[in-house]
Amino acid sequence: MFFDTRPISSDTLVPDDPALGLIAMSGPNDPAPSIRIAQGRIVELDGVAEANFDLIDEFIARRGLDLDVADEAMATADLDYALMLVDPGVPRRDCVRLAGGMSPAKLAHVLALMTPVELMSAMTKMRVRRTPSIQAHVTNRVDHPLLIAADAASAVALGFRELETTVPVLRDAPSNALALLVGSQVAGAGALTQCSVEERTELELGLRGLTTYAETVSVYGTEQVFVDGDDTPWSKAFLAACYASRGLKMRFTSGSGAECLMGAAEGRSMLYLESRCVALSRAAGAQGVQNGGIDGVSVTASVQDGMREVLAENLCVMLRDLESCAGNDTLMSFSDIRRTSHTLPLLLAGADFLFSGFGSIPAYDNAFGPSNFNAEDLDDYLVLQRDWGFEGGLRSRSDEDLLPLRRRAAEACRAVYDELGLAAFSDEDVEAVVVAHGSLDLPPLDPGLVPAAGDAIMARGITGLHVVDALAQRGFTIESERVLAMLRARLDGDHLQTAAIYDTEMRVLSNLTDPNDYSGPGSGYRISADRRDQIGRVRQERTHADLVAEQGPAAGCLRVANGRPARERPRPDEVVVGLSPAFAVTVWQTLGGCTVAEALRQVLAGLEEEGVASRVVRVRRSIDVGNIGWTAARLSGSGVGIGLQGKGTALIHRADLPVLANLELYSNAALVGPPLYRALGRNAARHARGATPEPVLLPESAEPFGPRYHARVVALVAEERRAVEPLDPIEVELTWP
């Protein structure tokens, strides 16, 4: 069947199966919300008595809830709290205060009541930081250091404020971290970087100053999955403290579907388990949470209401007053429509990080697996920003902007590797990296080079200060100072504030310095006039002058000289062709790609083939093709005329018909080429002779012509309008160069 061939049919969708945890929210096995406090201690949480607490219950009960507000929060009706979330008149702080005393089941119950639009409305108010931001994946198949550095520079120039890399081989991790650090500081200061690997190595890279944040500290919603991972909430909290104590920003990672994938969902819904994860993250002192499905998003997407659950779990993080790094970092569908529908609501609502990994590199180079949006989608994303006027964090950059930055980053990285004795790269390596779209465009890399460099970094105790010195020694003063600034910032610790990022001036934007102050229309984050102009400048944008200039190559293809005033003639074997005002004056090429000379030549040839005389006039009062054709018909001895616009729209008219009626209409000019213009002429002649015209079919096409041509139509119609004169039709003389 045809529909089996569509991309959506490659997605696997399943019915609700609560026993396996395959239910988005409001599962039949989810507990009823409850908190019971005795002698200042929680002795019951969501229907579980203290004696039966598992590790997660125990951790949340002891560390994760505000007992001073718990009774009030739990007594607030679910619907009343949902109304508070969507009411711009209720301050964010009031919603956060009550959420602090709500159990995981209570928040899950509330969020399950809300429609997607209500969730989006609440997110607009509840995200922590006023200014949305975005994170990039910067990886490649071979862990080529110079390519990582160049791609990092491109990503920062585009607007990404966090960059994440990973490796297929653990030994490569130190090299990737170093290359990413160098490249991230070329286009501007303040971008945070991480290398996502095994936790011990990741922490050591951070302690050495080769990375500046971490987020792949995974937590789960059931005890069994923690046990399988040889972890507990306490071990994760200890790891969070290790990062924070050394000035490293850190958030936890969770995401619905993980427990299903590991076969230990305990029959609970995805939203309830994720609500437990978020409460646990708050209790452990994490700065934020990376969730929104993450690696398990395809599981979430396989069940009914899955995408609504993803929004709900993002909002759950915001309600706990944590930074929301909102997913979109895993390709969740074969369908472009579906993966866009997953991302767009979040983009419009806003989050602290709209992506926890936009693949700023080609999908094939993404070592995490393709993201929901990759380099191939960058232009689409930039145009989405422009369409909706939302803050997506990115800006368009031309090759003239990016190529010098990529060269600078590759040269800086080469200099560091050479100065530190890690590896040697040639001029040819640099040149290839500068213009490469991805690793497939590069010459083969010695497979032992990167692992050996990584081993040397670890064995010799190379730190961020060594990178600073190497850059300075080789003349990369600005980059040296920026890397040093990232190290110095760890002593200040300002980026340990909730939802903290640096702007390019190294100013901290966070919950403290840039709090979300949305309170309804006209409040909260608004795009400035300068930022709006920046968002509007995309690669595909064409000015009116640009569109008119496209006519230039065909200019002069036909000379049309004014003759005597056009008069009706009694000759019955005549068809009059009416030209629009700008035809062969300022409009020279049709939307179908042929010149106006060729279009008219074919029309006249078709009339001649049928033995009918022709006369050409210019209609000067109107640009409407119906009026042009009707005017030509009234001048024609046969009563049949042809209307022809410069952009290629054409029709056959008859004098006794209303102006807006016609005999044949070629309205989709983009599909009309020389053979169809000739057929138009033949059919007009047959109408004039009283013969039967040929059936004419436009070529088969499913192309959306409007997006390609309508802006051009506006430009060409404007040219036609400028050529209008309040004068009668005039006969013209044609000269064919």
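Values quoted throughout were computed directly from the atomic coordinates according to the rules given, and no laboratory measurement underlies them. The structure displayed is predicted, hence computed values, not measured ones. Note that we place each Cβ from the backbone using ideal geometry, even for glycine, and neighbour counts take in every protein chain shown.
A few remarks follow.
- Alpha-carbon centroid distance for the pair the stretch 50-73 / the stretch 278-332, whole angstrom: 21 Å
- Cα-derived Rg over Rh, computed across the stretch 56-211 with Rh taken as Kirkwood radius: 1.14
- Of the DSSP H helices in the chain, those whose Cα atoms cover at least 27 Å axially and whose Kyte score averages -1.0 or more: 399-419
- Gain on full extension, evaluated as 0.36 nm per residue between residue 4 and residue 700 minus their Cα-Cα distance, stands at 248.4 nm.
- Beta bridges per DSSP with both ends in the stretch 547-735, % antiparallel, nearest 5: 60 percent
- Relative compactness, the stretch 605-737, computed as alpha-carbon Rg over 2.2 N^0.38 Å: 1.06
- Share of pairwise Cα separations in the stretch 252-344, more than 18 Å, in percent: 38 percent
- Chain lengthening between residue 400 and residue 79 when straightened (0.36 nm per residue, less Cα-Cα): 110.1 nm
- The Cα trace of the stretch 187-329 gives Rg and Dmax of 14.9, 49 Å, the first to one decimal, the second as a whole number.
- Relative contact order (percent, whole number), the stretch 547-735, Cα cutoff 8 Å, 6+ residue spacing: 32 percent
- CD proxy at 222 nm, helix term only [per DSSP H run n ≥ 4: -39500 (n - 2.57); per residue of the chain; nearest 500]: -13000 deg cm²/dmol
- C-alpha center-to-center spacing [the stretch 137-195, the stretch 228-251] in angstrom: 23 Å
- Shown here for the stretch 493-574: trypsin sites (Lys or Arg not before Pro) in loop regions (DSSP other than H, G, I, E, B) with at most 10 other Cβ atoms within 10 Å, namely 567.
- Taking other Cβ atoms within 10 Å as a rough exposure proxy, 139, 735, 166 sort from fewest to most as 735, 166, 139.
- Each 10 Å bin from zero up to the one holding the largest Cα-Cα distance in the chain carries the following percent of pairs: 3, 13, 19, 17, 14, 12, 10, 7, 4, 1, 0.
- Set of the stretch 282-320 residues, backbone N closer than 18 Å to the point 7 Å along the Cα-Cβ line of residue 335: 297-311
- Within the same chain, lysines fewer than 8 places from residue 236 are excluded, and of the rest, those with a Cα less than 28 Å from its Cα are 106, 249.
- Sorted largest first, the spans of the alpha carbon positions of the stretch 1-121 along the three principal axes are 67, 41, 20 Å.
- The stretch 537-616, Rg to Rh (Cα coordinates; Rh as Kirkwood inverse mean 1/r): 1.10
- Relative contact order for the chain, counting Cα pairs under 8 Å that sit 6 or more residues apart, in percent: 14 percent
- On the beta carbon distance between residue 43 and residue 304, with R0 = 45 Å, the FRET formula returns roughly 0.80.
- Rg and Dmax [Cα atoms of the stretch 270-405; Å; Rg one decimal, Dmax integer]: 15.5, 50
- Spin-label model distance (nm) - residue 689 vs residue 388, 7 Å beyond Cα toward Cβ: 5.9 nm
- Fewest-first ranking of 5, 212, 115, using other Cβ atoms within 10 Å as the exposure measure: 5, 115, 212
- Projected label distance in nm at residue 241 and residue 481, using a 7 Å step from Cα toward the beta-carbon: 3.9 nm
- Ranked list, fewest to most other Cβ atoms within 10 Å of each Cβ, for 557, 277: 557, 277
- Between residue 50 and residue 228, the FRET efficiency from the beta-carbon distance, with R0 = 25 Å, is close to 0.50.
- Rg over Rh, two decimals, the stretch 364-480 (C-alpha only, Kirkwood Rh): 1.04
- DSSP beta bridges in the chain [antiparallel fraction, %, rounded to 5]: 45 percent
- Taken over the C-alpha atoms, the stretch 367-421 has Rg and Dmax values of 16.0, 49 angstrom.
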